[in-house]
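Some notes on the structure that comes next.
The values are calculated or read from the model by the stated rules, or taken from the named source; none is laboratory data. These figures come from a predicted structure and were not determined experimentally. So basically every Cβ, Gly included, is an ideal-geometry build from the backbone, and we count neighbours across all protein chains shown. Ligands, DNA and RNA are stripped out before the accessible areas are found, and what is left, the full protein with its side chains, is counted by its heavy atoms. Shrake-Rupley method; radii C 1.70, N 1.55, O 1.52, S 1.80 Å.
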Amino acid sequence: MGDADIIPIGTRGRPGRGSGGNRPSAPARDLAGGRAGARRTPPPAAGPRPAEPGASAVGRPPTTTAERGPLDGVPVGDWLSAFQQAAVELFGDDAEAQLARFLAFLRRRLTGDYVVDEFGFDAEITQRFFIAALRPIAQRWFRLEVRGIENVPVEGGALVVSNHSGTVPVDGLMTMVAVHDHAGRSLRPLGADLVFRLPVVSALARKSGTTLACNDDAERLLRNGELVGVWPEGFKGIGKPFSERYKLQRFGRGGFVSAALRTGVPIVPLSVVGAEEIYPLVGNLPSLARLLGMPYIPITPTFPLLGPLGLVPLPSKWVMEFGEPIRTDEYDEGAADDPMLVFNLTDQVRETIQQSLYRLLVDRGGAFG
Amino acid sequence: MGKVVLVTGVSRDLGRRFARAIADDPAVDRVIGVDVVPPRGDIGPISFVRADIRTPVIAKVMAREDVDTVVHMSVIATPGATGGRNAMKELNVIGTMQLLAACQKVESVEHVVVKSTTAVYGATSRDPAMFTEAFEPRVARGGYAKDAQEVEGYVRGFARRRPNVRVLMLRMANVLGPGVQSPMTSYLRLPVVPTVLGFDPRLQFLHADDLVAALRHGVLSDVAGTFNVAGDGVLTLRQALRRMQRPTVALPPAALTGIGQLVRRVRLAELSPELLALLTYGRGVDTSRCRDELGFRPDFTTAEALADFAADLAPTFAAPDLVLGSLEDRLRSRAAVAAPPAEAGSATDTGVVRPFVPPGGSRG
């Protein structure tokens with residue numbers, strides 16, 4: 001019985017659903033126009049049914065559903081060579097080494113064999129993923145132009161003080177990219193406590209090097225010789241209406257100046273033009289914001305109107321200018337506790353940024369040019 | 001004349017281990033262990049006195065034995081065998097008050113060393129990344145952290161009233177080690193570890209051996225004050241669980257509270273609100289003063305303490321490591337096989353053998 005080994009596909013020409021049963025299906029019976037009595041006819045008892053598992057004589061064990069997975073039974077070696085060939089196709093002849101490197105990287109990540117610093121900063125993932133993902137946005141979408149990068153110290157602590165705008169703090173992310181790509185350093189941003197209250201955002205923020213905007217953390221980072229980024233306008237800056245664009249808000253309480261004074265690091269003023277136009281804030285829902293515990297709920301020309309599509313930032317042209325560093329190491333010991341000096345320095349930084357904002361705006365021309 | 005050391009809370013594992021460690025020191029004459037229940041293990045040369053530190057009896061014990069150093073290790077994090085939360089609070093707070101009252105009364109006492117915890121700092125989104133000892137902790141809402149804060153308050157009050165007594169408070173990070181029972185260790189021992197969705201807190205650990213060594217160092221030194229004690233470095237929770245090869249399930253906080261009640265009912269672990277806060281916002285403490293002023297440096301880093309703790313546990317989720325490891329090994333062995341011909345073909349690139357050229361090679 002040679003054909004006992006053959007597992008039939010379909011119904012073998014007989015009417016029916018191919019379910020292995022011998023009775024034709026109801027539509028087939030209708031088509032055949034058979035006798036009504038035929039329905040009661042029991043299936044012929046004679047002859048083993050080919051689909052019956054017990055029917056297979058020798059050789060092949062019965063087929064079970066567990067074996068039918070398309071991925072089963074492929075040896076690891078085959079998988080590997082398939083991967084290798086795909087990789088060679090994609091990356092060329094260096095692929096094998098690259099694949100090995102990538103696998104090693106993946107393994108290191110999945111077994112927790114990496115290092116985070118005391119702030120939770122994960123340099124590897126930041127450089128390989130966050131910055132890499134943001135870079136095309138900075139270069140292609142916003143056509144980010146960076147000026148005065150030579151004002152960022154090559155090493156040692158420094159405090160980058162920037163204007164803040166854009167409803168969503170995209171400018172912070174872009175500054176991280178600019179500093180990483182042009183100055184070759186990791187910017188350590190200081191964020192509001194809301195950042196660390198939000199799920200997902202909090203984890204990403206810590207991993208990318210952000211820490212809480214408080215004097216303890218700022219001074220600790222600066223003492224460690226890090227490049228710290230601060231946006232003293234805070235929510236007043238990013239949440240201001242579009243009509244007030246490029247008008248700097250109050251610069252907090254000058255905490256950043258006293259942190260710089262205590263650690264004697266230079267303050268690098270940074271002016272960012274372009275972020276104001278990405279999500280023009282035309283309205284606000286203060287009561288809903290209060291209910292949700294958020295500083296504001298923005299309404300932009302596109303946001304609630306177009307749904308998730310409204311989250312796509314408008315492609316404005318960005319210019320970022322790092323200004324001349326303001327030295328703080330010339331003041332004497334107790335300078336950080338002299339409120340007048342702190343206020344004066346704060347105003348000086350603010351004025352510098354405001355002036356260069358006006359200059360850059362003229363330079364840039366049209367917002368989407 | 002050597003020291004006479006009184007250790008409270010010797011029925012617990014860490015208390016017993018510390019008491020035995022200090023008893024071995026040549027500078028120490030006698031060690032008296034005090035607790036309400038006798039210690040389970042071998043206590044070696046320690047003389048155990050069954051006394052309740054919540055009663056004035058403790059003063060009599062101290063006077064009779066001529067104690068000069070008191071090590072208070074009886075501030076507990078879990079109710080455990082003592083009963084409910086009320087019993088725990090009473091043991092922690094009233095016990096400390098009585099003990100300090102006794103210390104104040106007994107003239108012979110010259111050193112008081114208190115084992116406190118970094119839980120006093122709490123964990124919120126508004127906290128600095130690293131707490132220094134100078135940070136004024138926010139008032140905790142309840143539980144162990146509140147007990148520890150109150151205990152610290154009484155200890156500070158005692159230090160003011162008896163300025164001639166050296167008072168040393170050591171704020172210990174979460175203690176890990178083989179056999180250590182604490183809310184954190186029972187959480188990490190869960191076969192599937194629930195985490196807070198969207199948060200990856202920073203954690204610091206202290207190895208149990210280092211805790212004992214720190215207390216011992218504290219007893220033998222002459223430094224007073226409050227110090228943070230923790231292993232060097234930090235790990236994030238997810239990183240720690242990956243290193244331990246434990247599967248995780250991320251849950252929103254509300255679901256996690258439910259899970260917490262469930263695991264408490266089956267006595268697997270207790271996810272107290274303060275542990276949940278720690279697992280959400282994380283905490284780091286600055287140990288530079290401990291290193292520089294107290295002169296103590298833990299042998300185990302945070303990562304090493306975790307590794308030692310995990311060595312005892314069977315990994316429940318080793319698949320990623322195994323799969324990637326075997327894949328990597330195969331790739332390496334293949335590369336080793338493929339490499340010689342490429343090198344033999346000298347500098348020319350044409351010598352590289354491509355394993356397979358697809359029919360109609362559409363590359364490029």
Net charge near A:Leu345: determine it from the other residues with C-beta under 15 Å of the C-beta of A:Leu345, scoring Lys and Arg +1 and Asp and Glu -1. -3
Give the cross-link partners of A:Lys247 among the aspartates and glutamates, using a straight C-alpha distance below 18 Å as the criterion and excluding same-chain residues fewer than 8 apart. A:Asp171, A:Glu233, A:Glu276, A:Glu277, A:Glu321, A:Asp347, A:Glu351, A:Asp363
Relative to the Cα centre, what is the charge dipole magnitude of the protein assembly as shown, using +1 at the beta carbon of each Lys and Arg, -1 at the beta carbon of each Asp and Glu, and rounding to the nearest 20 debye? 3500
Candidate lysines for bridging to B:Lys105, where Cα separation is under 29 Å - those fewer than 8 sequence places away on the same chain excluded: B:Lys3, B:Lys60, B:Lys89, B:Lys115, B:Lys146
The farthest towards the positive end of the charge dipole of the protein assembly as shown, of the residues B:Phe135, A:Leu311, A:Gly274, given +1 on Cβ of Lys and Arg and -1 on Cβ of Asp and Glu, is A:Leu311
In Å and whole numbers, how far do the C-alpha atoms of region B:169-316 stretch along each principal axis, longest first? 48, 28, 26
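In square angstrom and rounded to 100, what buried accessible area do you get between chains B and A, total over both, with the probe at 1.4 Å?
Counting both chains, the buried surface is close to 3600 Å².
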Compute the Cα gyration tensor for region A:233-369, then decide on rounded, prolate or oblate, letting a ≥ b ≥ c be the square roots of its eigenvalues: rounded whenever a/c is under 1.5, prolate when a/b is larger than b/c in the other cases, and oblate in all that remain. oblate
Give me the 1.4 Å probe accessible area per residue for chain B, excluding ligands and nucleic acids, in Å². 44
Let me know the Rg and Dmax you get for region A:171-278 when you use only its Cα atoms, in Å. 13.9, 40
For region B:319-334 the residues that are at least 50 Å² less accessible with all protein chains than alone, 1.4 Å probe, are B:Asp321, B:Leu324, B:Leu327, B:Glu328, B:Arg330, B:Leu331, B:Arg334
State in Å² the accessible area per residue of region A:282-369; use a 1.4 Å probe, count heavy atoms of protein chains only, and round to the nearest integer. 61
FRET efficiency estimate (nearest 0.05) - Cβ-Cβ, A:Asp347 to B:Ala87, R0 56 angstrom: 0.40
Between A:Val201 and B:Lys60, what FRET efficiency comes out of the Förster formula 1/(1 + (r/R0)^6) with R0 = 41 Å and r the beta carbon distance, rounded to 0.05? 0.10
Using a simple spin-label model with points 7 Å from Cα along the Cα→Cβ vector, what separation in nm is obtained for A:Asp332 and A:Leu194? 4.2
In degrees from 0 to 90, rounded to the nearest 10, what is the angle of the helix B:302-311 Cα long axis to the longest principal axis of chain B? 80
Give me the net charge of A:Gly254's neighbourhood, meaning all other residues with Cβ under 13 Å from the Cβ of A:Gly254; Lys, Arg count +1, Asp, Glu -1. 0
Apportionment of accessible area to carbon and sulfur, region B:104-257, percent (1.4 Å): 54
Looking at the P(r) of region B:63-214, how many percent of alpha-carbon pairs lie beyond 25 Å? 36
Reachable lysines, given that their alpha-carbon falls under 24 Å from the alpha-carbon of A:Lys240 and they are not under 8 places away in the same chain: A:Lys317
Quick one: if the Förster radius is 41 Å, what FRET efficiency do B:Glu328 and B:Thr132 give, using the C-beta to C-beta distance and rounding to 0.05? 0.45
Among B:Thr69, A:Leu90, A:Thr126, pick out the residue whose Cα is farthest towards the positive end of the charge dipole of the protein assembly as shown, where Lys and Arg carry +1 and Asp and Glu carry -1 on C-beta, about the Cα centre. A:Leu90
How much length would be gained if the chain were fully extended between A:Val76 and A:Phe368, taking 0.36 nm per residue of separation minus their Cα-Cα distance, in nm to one decimal? 99.9 nm
Antiparallel bridges, percent of DSSP beta bridges restricted to the protein assembly as shown (to nearest 5): 15
Output needed: percent of Cα pairs per 10 Å distance bin for the protein assembly as shown, bins running from 0 to the one holding the longest distance. 2, 11, 17, 17, 16, 14, 10, 7, 4, 2, 0, 0
What distance in nm separates the simple spin-label points at A:Leu31 and B:Val192, each placed 7 Å from Cα in the Cβ direction? 4.7
Extending each Cα 7 Å along its Cβ direction at A:Arg253 and A:Arg359, get the distance between those two points in nm, one decimal. 3.3
Length gained if A:Leu110 through A:Glu150 is fully extended, taking 0.36 nm per residue and subtracting the Cα-Cα distance, is 10.5 nm
Name the residues of region A:220-240 whose accessible area, probed at 1.4 Å, falls by at least 10 Å² once all protein chains are in place instead of their chain on its own? A:Arg220
